[in-house]
Amino acid sequence: MRVALTGGATGIGAAIAQKLKAAGHHVTAFDIGDPRPNADHWIKTDLSDPNSIANALDAAEGPFDALINNAGLPPREGLAELVLKVNFIGLCTFLDGMLDKLASDAAIVNTASRAGAAWRDNLDQIKALMALSNSDVARFVVDQNMDATRAYNLTKEAVIVMTMARAEEMTRRGLRMNSASPAAVSTGILDDFIAAFGEKVAKNIARAGRAGLPNEAADVIIFLASPESAWIKGQDIVIDGGMSAMAMSDALELT
């Protein structure tokens with residue numbers, strides 16, 4: 001496969017690139033930092049900047065058999081505007097620009113997060129975000145009195161909703177799209193999630209027995225990008241070591 005990957009320099013993205021290369025696939029990484037030697041080719045890309053995205057799209061040479069939209073920022077204090085721009089606005093802009101560079105039957109995988117699980121409760125705010133352009137984001141953050149943690153959750157909710165909402169469109173195009181929602185993965189930004197979500201993260205990790213590994217999330221994402229998952233469309237696949245099941249069991253008083 002020829003794979004286009006955003007965010008291949010660190011964390012889950014680096015694991016994805018390494019595994020794909022080891023399996024003989026060709027990886028073009030779009031990242032603000034240099035992902036090599038994990039990737040075969042690097043196109044420097046800042047997903048917060050529409051001009052950078054446009055230049056990256058011009059430089060991308062398809063057709064690609066898979067597009068993995070993995071790049072994202074964590075819920076770090078003071079980054080609310082950037083989180084919205086990178087994790088959702090930039091993701092969608094890049095996705096739309098890549099559609100004509102994808103091969104027939106290509107797969108698209110969007111990295112969401114278990115932090116987006118409450119999307120059903122926040123549809124009005126999600127729809128408002130989906131209607132924004134890059135230049136509207138700063139005002140949206142002020143109007144919504146939004147901190148970085150809510151911005152992060154909102155972007156991941158929106159990724160899940162967008163993936164579902166565009167499933168039929170992608171089918172008509174001869175493509176398919178899914179999202180993957182990791183939780184508490186042991187990467188360089190795990191401390192950001194612990195700082196943002198506090199005791200809840202520590203409790204979930206303790207109940208699951210450990211945090212997830214980047215390779216474990218990468219395996220699922222690569223499966224969704226492969227022909228082996230051809231009949232999975234418009235779905236969000238949770239990768240959390242049972243954390244969601246444990247929380248649901250508590251809520252339903254099953255234990």
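The values are calculated or read from the model by the stated rules, or taken from the named source; none is laboratory data. None of the values given here were measured: they were computed from a predicted structure. We place every Cβ from the backbone using ideal geometry, glycine too, and count neighbours over all the protein chains shown. Protein only, heavy atoms only, side chains kept; ligands, DNA and RNA dropped before computing areas. Shrake-Rupley method; radii C 1.70, N 1.55, O 1.52, S 1.80 Å.
Looking across region 236-250, the residues that are surrounded by 17 or more Cβ atoms within 10 Å (Cβ to Cβ) and closer than 18 Å to E157 by Cβ come down to D236, I237, V238, I239, D240, M243, A247. Farther than 30 Å from A230 by Cβ, among the β-branched types (V, I, T) and either in a loop (DSSP other than H, G, I, E, B) or open to solvent by 10 Å² or more (accessible area, probe 1.4 Å) (or both) - does that describe any residue in region 16-37? Yes, region 16-37 has at least one match.
Considering region 21-42 alone, what residues qualify as being of a type in the set (A, V, I, L, M) and either modelled with pLDDT under 95 or farther than 20 Å from S104 by Cα (or both)? A22, A23, A29, I32, A39, listed by residue number. Among residues of region 156-191 being under 21 Å from A218 (Cβ atoms) and among the basic types (K, R), the one that is surrounded by the most Cβ atoms within 10 Å (Cβ to Cβ) is K156. Does I160 fit the bill of being under 13 Å from G116 (Cβ atoms) and touching a helix residue (DSSP H, G or I) at 6+ places or on another chain (Cβ under 7 Å)? Judged against the criteria, I160 is a match. Checked against (1) in contact (Cβ under 8 Å) with a residue 40 or more places away in the chain; (2) at negative phi, L254 passes all but a single condition, namely (1). Being among the hydroxyl-bearing types (S, T, Y) and without any contact (Cβ under 8 Å) to a residue 24 or more places away in the chain is a property that S48 lacks.
One line per residue, one yes/no per condition, for (1) more than 29 Å from A66 (Cβ to Cβ); (2) under 18 Å from the mean Cα position of the chain (by Cα); (3) in contact (Cβ under 8 Å) with a residue 60 or more places away in the chain:
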{"position": "A118", "(1), (2), (3)": "no, yes, no"}
{"position": "D124", "(1), (2), (3)": "yes, no, no"}
{"position": "L129", "(1), (2), (3)": "no, yes, no"}
{"position": "R139", "(1), (2), (3)": "yes, no, no"}
{"position": "L154", "(1), (2), (3)": "no, yes, yes"}
{"position": "E157", "(1), (2), (3)": "no, yes, no"}
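Restricting to region 192-225, name every residue that is buried (at least 18 other Cβ atoms within 10 Å of the Cβ) and within 23 Å of E168 (Cβ to Cβ). Within region 192-225, I221, L224, A225 meet the criteria.
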